[in-house]
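Data block below; observations after.
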2 protein chains.
Amino acid sequence: MKLDDLIHHTSEWLKGTGPYSDIVISSRIRLARNLANIPFPHRLNRKQAQEVLELVKLAIQKVDYLKNCLFIELHQLDSLDKQFLIERHLMSYEHARSDNYKGLVLDTTEVISIMVNEEDHLRLQVMQSGFNLFEAWNIINRIDDLLSEHLDFAFYPEWGYLTSCPTNTGTGLRGSVMLHLPALVMSRQINRILAAIAKLSFTTRGLYGEGTEASGNFFQVSNQVSLGHNEEEVISNINALIKQVIEQEEQTRQNLLTNQRAMLEDKIWRSFGILKNAFIISSQETIDLLSMVRLGVDLKIIKGIDRSVINELFLITQPAHLQKIENKRLSTQERDLKRAEIIRNRLQDVK
Amino acid sequence: MKLDDLIHHTSEWLKGTGPYSDIVISSRIRLARNLANIPFPHRLNRKQAQEVLELVKLAIQKVDYLKNCLFIELHQLDSLDKQFLIERHLMSYEHARSDNYKGLVLDTTEVISIMVNEEDHLRLQVMQSGFNLFEAWNIINRIDDLLSEHLDFAFYPEWGYLTSCPTNTGTGLRGSVMLHLPALVMSRQINRILAAIAKLSFTTRGLYGEGTEASGNFFQVSNQVSLGHNEEEVISNINALIKQVIEQEEQTRQNLLTNQRAMLEDKIWRSFGILKNAFIISSQETIDLLSMVRLGVDLKIIKGIDRSVINELFLITQPAHLQKIENKRLSTQERDLKRAEIIRNRLQDVK
């Protein structure tokens, strides 16, 4: 498996399958783990950092379940590769910032990724399409168990897993759900919902995680606290919250269909019309318009497009993906032209 | 001929034929005339106003050239009819404001219209498609001559024709040319051009004449002075000015095609995409978007539409036209829906 092969693959987070996939894009569980008796990444010297990389690499090789995984050292990647992996949600911005003794483990299906020497020695991530946190938990729990047979994780009975940042101490678990909430945004209920989420100690972020703004009506909701509850409890709490948000979005969509159908059709079809005809389009506008078209497909207002086409467009219109497809560096202007061309071609036969 | 028959007819000003019709929508000559020994309209009593109406009606009947004309007394029209005639540029807002002893003479081809008891006793208007002021002049001059055989026009040798407002005294002539100048607007040269036009004692107005803002890149340029020159001189002056504006617009279009083709195609095709897909659209947005689509057709960027389709859409999407077509009163919201539906249907088969 080579990194570039991923271009022809739809990331797990954009497959558009799984439960409630008209509202929930993807579910993700992340576990923070550190090796015992080795300083946290920001305190590592070169030798120790190299040792962490080697220990993780060896452990991965010993775990049969992970035998199809790619082990990448970040210095092997150019900036485009890194951006490409960030766009596929397989790596954080933070991890990409420097490549000293940093690693990334990826499986071919893009369900599993493990960052080595990010904020913690290991950041395990499992992604599932749709609303499926427990399935993600089952997979990541198994990987955690298998790896712990070969790695000595820092664990203190009273506190749980030790982590570089105390907010992750305990389970080291963060569950995140990426939601598509166009109706709540359109009906201006979203701020009320986000405020309620914040009060319950959950955080909301944009499409690309920490530090990014919500865009195209996408909101990533995660737990903030990982101490004091076991993993199942944490996940159950997120699940309960997300179910409520899903219900509100569903109900608002139905309300809009009943009471403001023309306004809804107008927004959806205009977005489609612009995407199908533009010659210059930014990444941000593309996300915003695709968000409306996806709503149109989900509400069966637009019938000639499969949801997979929309999802593919979300992915391949991003800057690094465009450049990977064209196999060369492109300026912002060149990307805006190429992006529009790809979208026009893809939507040409849709009426 | 009945008023409603006009719905199935494309007004002269929107035919899209005639010289330079890619830039000049229409040319119009208006003559102000008053009957001798009768006060100007704003000083008329009922009896005198009725007398003017009768005298004009009789004269029209006696002129063979005008035998196919409709003679309408404004009190016969409802507000929708009046709005409809304004939208077709056959009558002014001013004329429609009240209907006491006011008349309108229309020919079946919509080339000729004569308002009776507007600001002057007679306001003769002849419209021609494209850049064709001299042809309009030839026609209106003939009508003026024929009518003066039956009507005694107020004329003072030293000043020329007498008019209610002194700015019209002399020839009583106003020549107007409706220009479509999207390239000059897009390249931000329009303000410089409009300032130059104003300095030369010409005025610029919007689509619907006096008091209306320029919209959809349409500008109506007219002479301000009608005293001190004969008719041919006045028209030659406008002609010379308009030729320069046409050249500048043409050159700017070519510059845009050469240097900013993608930007141009983007604007044009986005406008097309929105028109083809919107479910709610205002009159103003329609004009703005149709303006861009017309540019696309004129520059052969859009090939699947005939200019006549665009022109027809300009006309039938206006408020009174929509209501005439639907044969009922429609609220603003209902019109915005109906307008979008008509446009979608009309553009459905265009790719």
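Inter-copy label distances for B:Tyr65: 9.7 nm (label point placed 7 Å from Cα along Cα→Cβ; shortest first). Which of rounded, prolate or oblate describes chain A when judged by the alpha-carbon gyration tensor and an a/c cut-off of 1.5? In terms of gyration-tensor shape, oblate.
Once you reduce the range B:1-33 and the range A:166-193 to the center of their Cα atoms, the two points are 59 Å from each other. Taking amide H as placed 1.01 Å from N in the peptide plane, A:Gln220 has its amide H under 5 Å from the amide H of A:Leu179, A:Arg205, A:Gly206, each at least 5 places away in sequence or on another chain. For chain A, the dipole from Cβ point charges (+1 on Lys and Arg, -1 on Asp and Glu) about the Cα centre works out to 960 debye, to the nearest 20. Other residues within the sphere of radius under 14 Å centred on the Cβ of B:Ser331, judged by their own Cβ, net out at +2 (K and R +1, D and E -1). With a cut-off of 18 Å on the backbone N, the residues of the range B:166-180 near the modelled label site 7 Å out from B:Leu257 along Cα-Cβ are B:180.
Maximal additional length on extending the A:Cys165-A:Ala196 stretch stands at 8.6 nm, based on 0.36 nm per residue less the C-alpha distance. Rounded to the nearest 10 square angstrom, B:Ile325 shows an accessible area of 70 square angstrom against a 1.4 Å probe.
Annotation: lysines with alpha-carbon distance below 30 angstrom to B:Lys328 (same-chain offsets under eight excluded): A:Lys267, B:Lys2, B:Lys15, B:Lys82, B:Lys102, B:Lys276, B:Lys338. About its Cα centre, the range B:261-347 has a charge dipole of approximately 140 debye under the convention of +1 per Lys or Arg Cβ and -1 per Asp or Glu Cβ, with nothing else charged.
Peptide A:267-278 shows a mean partner chain C-beta count of 6 within 10 Å per residue C-beta.
For A:Asp349, inter-copy separations between label points set 7 Å beyond Cα along the Cβ vector come to 2.2 nm, shortest first.
For the peptide B:331-341, the mean number of other protein chain Cβ atoms found within 10 angstrom of a residue's Cβ is 1. Each other copy holds its own label point for A:Ser98; taking that point as 7 Å from Cα along Cα to Cβ, the gaps run 8.5 nm, nearest first.
Considering only alpha-carbon pairs that sit under 8 angstrom and 6 or more positions apart, the relative contact order computed for the range B:189-271 is 18 percent. Here the calculated FRET efficiency for A:Ser148 and A:Glu247, from their Cβ-Cβ distance with R0 = 35 Å, stands at 0.40, rounded to the nearest 0.05. Accessible surface of A:Glu135, taken over heavy atoms with a 1.4 Å probe and every protein chain present, rounds to 70 Å². Between chain B and chain A, the total buried accessible area stands at approximately 1500 Å², from heavy atoms with a 1.4 Å probe.
Write out the trypsin sites (Lys or Arg not before Pro) in the range B:144-227 meeting two conditions: DSSP loop, and at most 15 other Cβ atoms within 10 Å of their Cβ.
Passing both the DSSP loop test and the Cβ count: B:Arg188.
For the range B:95-224, a simple Cβ point-charge model (Lys and Arg +1, Asp and Glu -1, everything else neutral) yields a dipole of about 760 debye relative to the Cα centre. Counting, for every residue in B:255-262, the Cβ atoms of other protein chains within 10 Å of its Cβ and taking the mean gives 1. Here r is the Cβ-Cβ distance between A:Thr109 and B:Arg188 and R0 is 60 Å; the resulting FRET efficiency, rounded to 0.05, is 0.70.
With the helix formula -39500 (n - 2.57) applied to DSSP H stretches of n ≥ 4, chain B reaches a computed 222 nm mean residue ellipticity of -14000 deg cm²/dmol. Residue and whole-Å distance for the chain B Cβ lying nearest the axis of the B-onto-A rotation are B:Gly273, 2. Computed with a 1.4 Å probe over protein heavy atoms only, the accessible area of A:Ser21 comes to about 10 Å².
The values are calculated or read from the model by the stated rules, or taken from the named source; none is laboratory data. Please read all numbers here as calculations on a predicted model, not as lab measurements. So basically every Cβ, Gly included, is an ideal-geometry build from the backbone, and we count neighbours across all protein chains shown. What goes into the accessible areas is simple: the full protein's heavy atoms, side chains included, and nothing from ligands, DNA or RNA. Shrake-Rupley method; radii C 1.70, N 1.55, O 1.52, S 1.80 Å.
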